[in-house]
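Scroll down for the structure; my scribbles are underneath it.
The values are calculated or read from the model by the stated rules, or taken from the named source; none is laboratory data. Computed from a prediction, not measured in an experiment: that's the story for all the values here. Cβ sites come from the backbone with ideal geometry, for glycine too, and all protein chains shown count toward neighbours.
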Amino acid sequence: MTSDPLAAPEPGRTVAVLGTGIMGSAMARNLTAAGLNTTAWDRSPEATARLAAAGAEVAASAQEAISGARVVITMLPTAEAVESVIFADDRPAFAPGAAWAQINWRPAGRPRR
């Protein structure tokens, strides 16, 4: 394991992708195809069905997806959606040393925390 927080996840480490619309599902598919353990979650279970077929794990909740991930990627449409998912229980359940990347195709604002 590397001490560089920006290093790519090592094979066997989990990457969680929250929000599996067009961009999130493409990212999750590519991570899975690259051999990374990928866990996907979306508010709509139908959105993760193809990812499961491609080899990604599908989490029942965002917190379940986050809990063991080395890297957490949120691809959610608004700052409010990010905040409601990541801070659902008042604090995220990130694993120690995990990195979080919020990615969006439009200005989403910043979570208030």
Residue list for the stretch 54-77, filter: free of Cβ contacts under 8 Å to residues at least 60 places away in the same chain and over 14 Å from THR20 (Cα atoms):
GLY55, GLN63, GLU64, ILE66, SER67, GLY68, ALA69
I want to confirm something. Restricting to the stretch 81-104 and keeping residues that are of a type in the set (Phe, Trp, Tyr) and either part of a helix (DSSP H, G or I) or modelled with pLDDT under 90 (or both), which single residue is surrounded by the fewest Cβ atoms within 10 Å (Cβ to Cβ)?
PHE87
Scanning the stretch 28-63 for residues that are among the charged types (D, E, K, R) and buried (at least 16 other Cβ atoms within 10 Å of the Cβ), which turns out farthest from ASN104 (Cα to Cα)?
GLU57
